[in-house]
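The values are calculated or read from the model by the stated rules, or taken from the named source; none is laboratory data. Just so we're clear, the structure is a prediction, and the values are computed from it rather than from any experiment. When we count neighbours, we look across all protein chains shown, and the Cβ atoms used for this are built from the backbone with ideal geometry, even at glycine. SASA here: full protein model, heavy atoms, side chains in, ligands and nucleic acids out. Shrake-Rupley method; radii C 1.70, N 1.55, O 1.52, S 1.80 Å.
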There are 2 protein chains.
Amino acid sequence: MATNITFHAAALTRKERNDLRQQQGLTIWLTGLSASGKSTLAVELEHQLLRDRGVHAYRLDGDNIRFGLNKDLGFSEADRNENIRRIAEVAKLFADSSAIAITSFISPYRKDRDSARQLHEVPTPGEETGLPFVEVHVDVPVEVAEQRDPKGLYKKAREGVIKEFTGISAPYEAPEKPEVYIRNVDLAIPDAVKQIIDYLDSKGYLPAKKE
Amino acid sequence: MATNITFHAAALTRKERNDLRQQQGLTIWLTGLSASGKSTLAVELEHQLLRDRGVHAYRLDGDNIRFGLNKDLGFSEADRNENIRRIAEVAKLFADSSAIAITSFISPYRKDRDSARQLHEVPTPGEETGLPFVEVHVDVPVEVAEQRDPKGLYKKAREGVIKEFTGISAPYEAPEKPEVYIRNVDLAIPDAVKQIIDYLDSKGYLPAKKE
């Protein structure tokens, strides 16, 4: 009876999965001030990866995380930490699936970003290898971001309506050694995207450009 | 200055993404008793989808969820609900990315599974369409599962070492209208996988089999 329980399909290893998908899973972690251009960059990066390289790529951003997985979280320090922790865990699941996860959150604290990096790079028991973690600092002076202020958030922060706003009333801890540094003041978004894709190509993380 | 902020790459719609990936995103939600065969089935299903259909598929199971995203959760009623809620949200992200998410959890309560279904099927503001949710009931009599007991969990439940164990000291609420019903007593796993793939094909959810 019930002999099928002795049937054990072997779970795919990460390498076998990457080979089948012809793609290396990884996470691209964008960090920078509000209005630094992270989201616009993420949208265009994702589109180019899907269209021109034929890879599975997916953005995690405020729209699909804050109103979904993390809708139970507020803005206390504990909740902000938990917000970033969950985003890092979900990005890792996508990367483990051989996809490219693109996260687009201010993520102002070095400690949180380093935890996200460690989660990817250090193999946990049962894993053969770590996963690449590509930290991208999208840098603008706070004065520039404040002048852009597309959502009026800096204005509200100055008025004290929003408390602990990164760059105004809460710190932004810039990455010390990001894999990619983008100075996004007068740069065109396609050029910024090219910086990231050039980095991925330099590491051999992407299939060749489709003809 | 900073003219690039007026550059707005349009985010891909779900349809555009599916077209680019040549794949329909969806979630396959396996539910059933411990030792019903869910995990073995999920492993083989994932492998066939990747290898034979060339689609992006990924399993969410205890190994990659309980020790990662949900490692902060225990086994209180609230934590069990939150466990399933987060799994449903993550599965939806994969499905939204045009991937096939395969979840493999006992998920004994109808209310929780119905919430997961609703999350997928009912478009939230900003979404054009819902996502297919394929509930698969992997059914065995509890006596059969208890006789298999590969991890010795039923024994511990009988001894009272594990409290509120589904099928022994906590209820399993069987699905009333699952998309796929699998009676997994003497069935071979490949036949069970075929039942699921046949269902997906009948709905036109999969690309044709690769030659």
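Side notes on the structure shown:
- Shielding by partners, peptide A:92-99 (average Cβ within 10 angstrom, other chains): 6
- Position residue B:111, label points 7 Å along Cα→Cβ, spacing to each other copy in nm (shortest first, one decimal): 3.7
- Position residue B:171: other-copy label points at 5.3 nm, ordered by increasing distance, label point 7 Å along Cα→C-beta.
- Sorting A:86-95, A:108-117, A:159-168 by their mean Cβ neighbour count within 10 Å, with the most densely packed peptide first, gives A:86-95, A:108-117, A:159-168.
- Highest-first arrangement of A:34-45, B:198-209, B:180-191, where packing means the average Cβ count within 10 Å: A:34-45, B:180-191, B:198-209
- With the alpha-carbon atoms of chain A aligned to their principal axes, the span from lowest to highest coordinate is 71, 45, 28 Å, starting with the largest.
- Neighbouring partner chain Cβ atoms per residue of B:142-153, average, 10 Å criterion: 1
- Taking every protein chain into account, the 1.4 Å probe leaves residue A:21 with about 30 Å² of accessible area, to the nearest ten.
- Residue of chain A with the Cβ closest to the rotation axis carrying A onto B, and that distance rounded to whole Å: A:56, 2.
- Rounded D (µm²/s) - region B:53-175, Kirkwood Rh over Cα pairs, Stokes-Einstein at 20 °C, 1.002 mPa s: 134
- Computed P(r) (all Cα pairs; region B:1-94; 5 Å bins; percent): 2, 10, 15, 18, 17, 12, 9, 7, 5, 3, 1, 1, 0
- With both labels modelled 7 Å from their Cα along Cα-to-Cβ, the residue B:199 to residue A:66 distance reads 3.7 nm.
- Under the convention that each Lys and Arg Cβ holds +1 and each Asp and Glu Cβ holds -1, the size of the dipole of chain B around its Cα centre is about 300 debye.
- For region A:66-128, diffusion coefficient by Stokes-Einstein and Kirkwood Rh (Cα), 10 °C, 1.306 mPa s, µm²/s: 127
- Rounded to the nearest 10 degrees, the angle from helix A:38-53 to the longest Cα principal axis of chain A is 30 degrees.
- Rounded to the nearest 10 degrees, the inclination of helix A:110-121 to the longest alpha-carbon principal axis of chain A is 20 degrees.
- Residue-averaged [θ]222 nm for chain A, counting only DSSP H segments that reach four residues, each worth -39500 (n - 2.57): -12000 deg cm²/dmol
- Restriction of the chymotrypsin sites (Phe, Trp or Tyr not before Pro) in region A:29-77 to DSSP coil positions whose beta-carbon has at most 11 other beta-carbons within 10 angstrom yields A:75.
- One equal scatterer on each Cα of the protein assembly as shown, no solvent, Debye formula: the resulting log10 I(q)/I(0) at q = 0.12 Å⁻¹ is -0.99.
- Against chain A, whose longest principal axis is taken from its Cα atoms, helix A:77-96 shows a tilt of about 40°.
- Region B:50-87 and region B:148-180 have Cα centres lying 18 Å from one another.
- The mean count of C-beta atoms from other chains within 10 Å of the C-beta of residues in A:56-64, rounded to a whole number, is 5.
- Cross-link table A:38/B:203; A:15/A:177; B:15/B:111; A:163/B:71; A:209/B:15; A:151/A:194, entries beyond 32 Å C-alpha to C-alpha: A:38/B:203
- Nm distances between copies for residue B:125, ranked from closest, using label points 7 Å along Cα→Cβ: 4.6
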